[in-house]
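Below is one structure; the comments refer to it alone.
Since every read-out is calculated from the coordinates, none of them should be taken as a lab result. Note that the coordinates shown come from a computational prediction; the quantities given were computed from them, not determined experimentally. Reconstructed Cβ throughout: ideal geometry from the backbone, glycine too, with neighbour counts over all protein chains shown.
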Amino acid sequence: MIAGRGAIRLAGPEQFISYAQVAELVHAKDDVVVNEIENWQSVFGKKNIAVPI
């Protein structure tokens, strides 16, 4: 779990947190967001949505 990995990093001494570790967590979160958007598009992309006037 990404949040758990971040919590572990934050619980440790600050001098042991590197840019590479933070960047890896950000990339992991980015992957989750992209997957969620793709899933949403596959489900709702084929539906006709009408706005009542």
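A few remarks follow.
- Whenever a residue of the stretch 1-22 is surrounded by 10 or more Cβ atoms within 10 Å (Cβ to Cβ), its partners that are among the charged types (D, E, K, R), lying with C-beta atoms within less than 7 angstrom and at least six residues away or across chains, give the pairs Ile2/Lys29; Ile17/Arg9; Gln21/Arg9.
- On the stretch given as the stretch 28-53, residues that are assigned to a helix (DSSP H, G or I) and either of a type in the set (A, V, I, L, M) or surrounded by 10 or more Cβ atoms within 10 Å (Cβ to Cβ) (or both) total 15.
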